[in-house]
Amino acid sequence: MLTLARYEAVSNQPATHRDLSICVGDPDMELLGDRIRNVLGERSERVENVELLQASDYASVPEKARERLGMSPSQYKLLVRVTLRSLDASISKEDANRVYDLVYSELHEGTSGYFRN
């Protein structure tokens, strides 16, 4: 024990993560985190980490990528890694996909993009 910090439970369950490429008008990660918590509700407790891997302005994104994402000149393209982990059970692939789809649909502000059927 190196500190007197309060004990917090650590999960022994496996984590799952997905990298999401999204377009947003405001790249503030605090606001994006708030939006994720709001859209997931009770499921937000499964979000272990949201990490910004890359941020690019319109001019630095290749034209094909801008078209694929429906990116406008006032937007930023973010590569965001969302990590999920449950304290008490493993997360099924189907449940993880539902969470990632909700997060993507909430955050992505482009006019097109990838959605799972």
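General observations
- Sorting His17, His108 by solvent-accessible area of protein heavy atoms yields His17, His108, largest first, with a 1.4 Å probe.
- Note on the range 73-117: Kirkwood hydrodynamic radius from all Cα pairs is 12.4 Å, rounded to one decimal.
- The range 1-64 and the range 89-111: distance between their alpha carbon centers, rounded to Å: 12 Å
- FRET E, pair Lys93, Val10, Förster distance 22 Å, beta-carbon r, rounded to 0.05: 0.45
- Under the Karplus curve 6.51 cos²θ - 1.76 cosθ + 1.60, θ = phi - 60°, whole-Hz ³J(HN,Hα) for the range 84-94, x wherever Gly or Pro sits: 10, 7, 9, 6, 10, 7, 6, 9, 5, 4, 5
- Longest site-free stretch - the chain; sites: trypsin sites (Lys or Arg not before Pro), DSSP loop, at most 10 other Cβ within 10 Å: 7-115
- Long-range amide H partners of Ser86 with built H, under 5 Å: Ile91
- Label reach from Ser105 (point 7 Å along Cα→C-beta): in the range 42-63, no amide nitrogen lies under 15 Å.
- An ellipsoid equivalent to the range 4-69, defined through the eigenvalues of its Cα gyration tensor, has semi-axes of 31, 14, 13 Å when rounded to whole angstrom and sorted largest first.
- Karplus-based coupling profile of the range 30-38, in residue order and whole Hz: 5, 5, 5, x, 4, 5, 5, 4, 5, with θ = phi - 60° in 6.51 cos²θ - 1.76 cosθ + 1.60 and x standing for Gly or Pro.
- Potential lengthening between Val39 and Ser112 on full extension [0.36 nm per residue; Cα-Cα distance subtracted]: 24.3 nm
- Under DSSP loop assignment and at most 11 Cβ neighbours within 10 Å, longest chymotrypsin sites (Phe, Trp or Tyr not before Pro)-free interval of the chain: 8-113
The values are calculated or read from the model by the stated rules, or taken from the named source; none is laboratory data. Model, not experiment: these values are computed from the prediction. All Cβ positions, glycine included, derive from the backbone under ideal geometry; neighbour counts span all protein chains shown. Each accessible area value is taken on the protein alone, full model and side chains, heavy atoms only, with ligands, DNA and RNA left out. Shrake-Rupley method; radii C 1.70, N 1.55, O 1.52, S 1.80 Å.
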